[in-house]
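> Would you mind keeping the following structure in view while I ask a few things?
The values are calculated or read from the model by the stated rules, or taken from the named source; none is laboratory data. All of these numbers come straight from a predicted model, not from anything done at the bench. Counting neighbours? That spans all protein chains shown, and the Cβs are built from the backbone with ideal geometry, glycine included. Accessible surface areas use protein heavy atoms only, side chains included; no ligands, DNA or RNA. Shrake-Rupley method; radii C 1.70, N 1.55, O 1.52, S 1.80 Å.
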Amino acid sequence: MIHTRDLTKQFDGKLAVDRLTLDVKAGEVLGLLGPNGAGKTTTSRMLACLIRPSSGEAEIAGFKIGEADEEIRRTIGITTEVPGLYERLSATKNLEFFAELYGVQEVSRQVEKYLKVVGLWDRRNDRAGSFSKGMKQKLALARALVHEPRILLLDEPTSGLDPQVTQSVRELILQFKGEGRTILLCTHNLDEAERLCDRIAVLKTRSVAIDKPEALRHRLFGRRVVIKLRAQNPAFADAIRSLDFVRTVDSDEARLFVQVDEPETQNPVLIRKLVEAGADIQTVVEEQHSLSDIYLRLMDESQSEEPS
Amino acid sequence: MRAIRAIIAKEIADILRNRTLLFSSLLPSVLFLIIPLMIGRSAIRGRSGQLSPGQMGEIIVRMSPDLKDLPAAALGQIFIFRQFVVFMLMIPVITALAIASHSIIGEKQTRSLEPLLATPITSAQLMLAKSLSAALPAVFLTWILFGLYSLAISIIALPQVLPNVLTGVTMMLIAVICPLVAVLGLSLGVIVSSRANDPRTAQQIGGLFILPIIALFTAQLQGLYFLNLPVVMSAAVALAIIDLVVLGVGVALFDRETILVRWK
């Protein structure tokens, strides 16, 4: 649904996005992660045909940017980092205005539908300026959807919201995902990316990594099983080192850390071997790395790859 | 067309809810109506400032020799009320400038331009809609105030005065020059607003652009030039050319990328 090839943007000779290649499938939620200035918003703006790429190409729903910008804008819905509402106008007037600009046929029906979806129907006649930050963000989401776009570009949709509103906005995003919409989610929030995204792309001007969080976790950290023992004995580590599928074994006073490729099939063999060696096993768990660990590792790696 | 209509309707709704804007554009406009009438009234009572009624009569007869048979008092009143038609051209400039700068800077302040630019509307349509939203109220306001000005003249001045104020030159000024200066005002509003972050700053900078009108008004009042149809038509052509140039600069500034990246 969204394809970019070597998409690049320079501002006054300074690279903002460097040769970004992305493929987002229909119905997929792709999280764009990265530090401030990594190029997330610039990427989103290029995909929304708001700014022109310096080089490279991109195709949205079959339309090439630079060739069919109006069709692309009709196909996508966008929320920006700040809601950007007309504060003197009511919630209804804000949505009606955008519905008219997008050429929506049944304006009143669509406005009612999305004000109800975001829970603002009861406040429909109130000025947007009187809304809380969370309500404004929800109205901005309704605005992005009023023309039924197949693709949503969401830039920091929960930034600065309290946990309760954040949760309800995330539920809305999951609802839009459930409706089969393709979503590009720019976020700083790693927890949000973990909960909402099928895949994540880590940006730091250029793309550092793109994959499912689980696949990135395995690629960066491998899979380690942590075995807690009633009592430690050097013979236990020696016993499992003899197994050909065991990659590394580390230990502390009560635990063994065993790196394997497929814990699902290899753990039973591992446990049998330890029991045969006389180990009393208390727990066996796979070591978990958070998305934050993945992100920080990728940032470290990209830092070390940069020319000094 | 639907998108342009929607933007104009939204802008007008927004203007009507914006008390600061209404105040800042209506108050000067009403003053531009009241000041000429007050000066005209003083002239009628024989307190005309620098020029005597005789001098004013001489100037007006030089401008329109066919009026030489009118009484001196009527000639003096015709002189005063004709001069202030030029003065009223400040209304469309100031109003269009105020609306355009409030509209654009307001969008910059609330960051509502980006979602607007993400819609399928073209940059030219957006500029056209914003321009019409600023120019139409400015022109209509001028026409309404000019109507009130004419009505007041018919009440306070001698009966020969109004027909000799509503001349071809005056109608050209109000019907043709007024929309052209409104376009100039809004284009300048767009240009100034692209660099300013506060509507008052934009209006203060834009206020400099009414100085040429004040200069024209003063020069005319001193009898340094006479407005006749060829002069007004030449001015209309010159203004149309200036409008095209300034509008072109405004359209260039209305490019999506320029707005998002360069506008501060």
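Matching residues to (1) of a type outside the set (Phe, Trp, Tyr); (2) in a helix (DSSP H, G or I); (3) in contact with a Phe, Trp or Tyr (Cβ under 8 Å, 6 or more places away or on another chain):
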| residue | (1), (2), (3) |
| --- | --- |
| A:Phe98 | no, yes, no |
| A:Val104 | yes, no, no |
| A:Val111 | yes, yes, no |
| A:Gly129 | yes, yes, no |
| A:Gly134 | yes, yes, no |
| A:Lys138 | yes, yes, no |
| A:Ala142 | yes, yes, yes |
| A:His147 | yes, no, yes |
| A:Leu154 | yes, no, no |
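> For the stretch A:113-122: of the residues being part of a helix (DSSP H, G or I) and either in contact with a strand residue (DSSP E or B) (Cβ under 9 Å, 6 or more places away or on another chain) or aliphatic (A, V, I, L, M) (or both), which is surrounded by the fewest Cβ atoms within 10 Å (Cβ to Cβ)?
Result: A:Val117.
> Now a separate question. Among (1) away from chain B (no Cβ under 11 Å); (2) surrounded by fewer than 19 Cβ atoms within 10 Å (Cβ to Cβ), where does A:Gly129 come up short?
Going through (1) away from chain B (no Cβ under 11 Å); (2) surrounded by fewer than 19 Cβ atoms within 10 Å (Cβ to Cβ) one by one, A:Gly129 breaks only (1).
> Inspect the stretch A:267-282 for any residue being closer than 30 Å to A:Ala193 by Cα, open to solvent by 70 Å² or more (accessible area, probe 1.4 Å) and modelled with pLDDT of 85 or more and give the result as yes or no.
Scanning the stretch A:267-282, I find no residue that is closer than 30 Å to A:Ala193 by Cα, open to solvent by 70 Å² or more (accessible area, probe 1.4 Å) and modelled with pLDDT of 85 or more, so the answer is no.
> If you don't mind, another one. Go through the residues of the stretch B:70-87 one by one and say whether even a single one is within 14 Å of chain A (Cβ to nearest Cβ) and among the β-branched types (Val, Ile, Thr).
Looking for residues that are within 14 Å of chain A (Cβ to nearest Cβ) and among the β-branched types (Val, Ile, Thr), one finds none in the stretch B:70-87, hence no.
> Is the stretch A:44-63 home to any residue that is open to solvent by less than 40 Å² (accessible area, probe 1.4 Å), closer than 21 Å to B:Ile7 by Cβ, hydrophobic (A, V, I, L, M, F, W, C) and away from every other protein chain (no Cβ under 11 Å)?
no
> Could you check the stretch B:117-197 for helices (runs of 4 or more DSSP H) lying wholly inside it with 3 or more residues that are touching a Lys or Arg at 6+ places or on another chain (Cβ under 9 Å)?
B:123-156, B:178-195
> If I go through the stretch B:9-32 residue by residue, how many of them are away from chain A (no Cβ under 11 Å) and modelled with pLDDT of 85 or more?
Qualifying residue count, the stretch B:9-32: 1.
> Here is a list: B:Ala98, B:Ala118. Which entry is modelled with pLDDT of 80 or more and under 19 Å from the mean Cα position of the chain (by Cα)?
Within the list B:Ala98, B:Ala118, the selection yields B:Ala98.
> Being at the interface with chain B (Cβ under 7 Å from one of its Cβ atoms), open to solvent by 20 Å² or more (accessible area, probe 1.4 Å) and assigned to a loop (DSSP other than H, G, I, E, B) is the filter here, so list the residues in the stretch A:73-84 that pass it.
A:Val82
> Being in contact (Cβ under 8 Å) with a residue 24 or more places away in the chain, within 12 Å of chain B (Cβ to nearest Cβ) and open to solvent by 40 Å² or more (accessible area, probe 1.4 Å) narrows it down to one of A:Glu100, A:Glu96, A:Glu148, A:Glu87, so name that one.
It is A:Glu87.
> A:Glu70 - would you say it is surrounded by fewer than 18 Cβ atoms within 10 Å (Cβ to Cβ) and facing chain B (nearest Cβ under 10 Å)?
Criteria met by A:Glu70.
> From the list B:Ser42, B:Ser24, exactly one residue is part of a helix (DSSP H, G or I) and closer than 17 Å to B:Gly185 by Cβ. Which is it?
Of the residues listed, the single one that is part of a helix (DSSP H, G or I) and closer than 17 Å to B:Gly185 by Cβ is B:Ser24.
> Would you check if there is a residue in the stretch A:157-175 being assigned to a loop (DSSP other than H, G, I, E, B), free of Cβ contacts under 8 Å to residues at least 24 places away in the same chain and of a type outside the set (A, V, I, L, M, F, W, C)?
no
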